[in-house]
1. Working from the pairwise distances between different alpha carbons, so that the mean of 1/r is found and then inverted, what is region B:27-165's Kirkwood radius in Å?
2. What is the distance in Å between the Cα centroid of region A:112-163 and that of region B:26-91?
3. Would you mind getting the accessible area per residue of the protein assembly as shown, heavy atoms of the protein chains only, 1.4 Å probe, in Å²?
4. Under unit Cβ charges (Lys, Arg +1; Asp, Glu -1), what dipole magnitude, rounded to 20 debye, does region B:90-155 have relative to its Cα centre?
5. So, by mean Cβ neighbours within 10 angstrom, what's the order for B:182-194, B:1-13 with the highest one leading?
6. Using only Cα atoms, figure out Rg for region B:119-160 and give it as a multiple of 2.2 N^0.38 Å.
7. Quote the FRET efficiency, to the nearest 0.05, computed for A:Ile236 versus A:Asp158 with a Förster distance R0 of 45 Å and r equal to the Cβ-Cβ distance.
8. Output needed: percent of Cα pairs per 10 Å distance bin for chain A, bins running from 0 to the one holding the longest distance.
Amino acid sequence: MKFSLLSKPTELQLEKDASSKYLPVVIAAMVFLASLALIGLFSINSAISDWSGAISGNLTVEIAYDKNGDMDQRAEDAVAFLKTVPGINEVRTITKAETAELLEPFLGRADVIENLPLPRLVEVTVSENSALDLLATATQLENTVPGAHLNTHRPWLDKMLLLARSIQFLAAAIMFLISMVTIVIIVFAARTGMVMHHDIIEVLHLIGARDGYIARQFQDYFARLSLFGAVPGLIIAIIVMQFFTYLASRLEAGLIQPPSMVLEGWLALALLPLLVAILTTVTVRWIVLSSLKRMM
Amino acid sequence: MIRFENVGMRYGMGPEVLRDINLHLSHGSFHFLTGPTGAGKSSLLKLLALSHRPSRGLLSLFGQEVSHLEREDLPDFRRKIGVVFQEFRLLDHLSAFENVALPLRIAGAEDDLVQKNVKELLNWVGLGNQMNARPPTLSGGEKQRVAIARAIINRPQLLIADEPTGSMDPEMGLRLMHLFQELNKLGTTVVIATHDIEMIRRFRHPVMYLEDSTLHTTTPTAYLARFEGM
């Protein structure tokens, strides 16, 4: 299949068609939406990877407040036990003052919070690639230290992952939908072009033009229109992404990360106009050839 | 060279516009095709130009049965046929030169050959100074000459012309008829659809006439006698 974008069609004056004049605008809108979906897809993937990396290496031990118990002693017991467990790299007690500081944004002044019946926390860092049996460690810890509970963050992470995967699925579905709508629009525009140029097509046939010769004029023209629409659509999407990155970075919120694109994401974005042009070329060729078959 | 055997033709599910057409045109023959308006001349020309398939019967062109020809084989056959349409059917946005060059370009001819042949032919039909003019700026006769030049640029084996001199002054009409005669002498089979009885009288080629959707072949003398006796 010849893909000549620079050669302008000579016999069929497709550029004069009102039916396809606004196709670049529609394609630009479609590519803009597809680019945003793609950016979302890769950004969420990147965020999932960050969350997993940050959380899977960290555990928290929570020792429930007991007004009759020595909370400092229990924290020390928990630290002592955890240091004996193979695969644990580092164990550190989070002081009352640190706990109060963490709660300060939610509950108010830290010096007041320190007087509240707060649980004691122990931060645990697991060695990379360790085969730590979390369930067994949690049971042993609960038996050793009364009121202790090993929090692996797994249920929270699982929920976040489910949410992120759902959003990714939605983004992929949006991209699929955009592709389908684009194909339908292109099919209608190409069919209208065929009807409008029926007489010239008939003349070309009668002087010996092959179907491929006629189809090439349609596919080159529509591919050019697609590129004229796709490139601005992509550029606008990247500008919007940069704007959101700026806004998100100003929030300084841990969970709401600015969209971060990996190399594969940038490559996919760069290929998007080309893919749209190829999709257009293939669709137009298919529709024109199948329409020509109905003529003699 | 061209053979029709019991050919019938209809458009869609409509009635037959041509019935039981039996015809044999030998290589290098020259025929006039005539008949009243609506008799089916244009439909017969469409069959000859491979623009439509017959709805029944056998149609052979250049020694091959073409009624059921594969689609990809049609262009090669069509390049052997030159068609001059009654309404010219030139491409208005192309110059006279580009219109005439089109069959050569579609056939993949070298640019040098295209330049040489097209200029030569346009000069011959008297349009040497109008090569860059677009059809809307040309007179009816000039358009007709461009259409004729486009039909013969590929040196077709079969030339079909539908009222080719209808838009011309008598002198230019005669000149073009002589061009068709010359092409015919070189071996091109010529079929000219016309209502011009003077042309039939002057050039005295066999006449095919359509009546009630069927075709009859006769000599010019017999046709003229029949015509004058009406």
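1. On the way: mean 1/r = 0.0622 Å⁻¹.
So the Kirkwood estimate lands at 16.1 Å.
2. What the calculation gives is 88 Å, centre to centre.
3. Working: 26470 Å² over 526 residues.
Per-residue accessible area for the protein assembly as shown comes out at 50 Å².
4. Working: 8 positive and 7 negative charges, 39 e Å.
Computed charge dipole of region B:90-155: roughly 180 debye.
5. B:182-194, B:1-13
6. So the Cα radius of gyration is 1.14 times the expected 2.2 N^0.38 Å.
7. FRET efficiency, A:Ile236 to A:Asp158: 0.80.
8. Spelled out per bin, shortest first, that is 6, 20, 19, 15, 12, 10, 9, 7, 3, 1, 0.
The values are calculated or read from the model by the stated rules, or taken from the named source; none is laboratory data. Quantities reported herein were computed from a predicted structural model and do not represent experimental measurements. Note: ideal-geometry Cβ built from the backbone for every residue, glycine included; neighbour counts use all protein chains shown. SASA here: full protein model, heavy atoms, side chains in, ligands and nucleic acids out. Shrake-Rupley method; radii C 1.70, N 1.55, O 1.52, S 1.80 Å.
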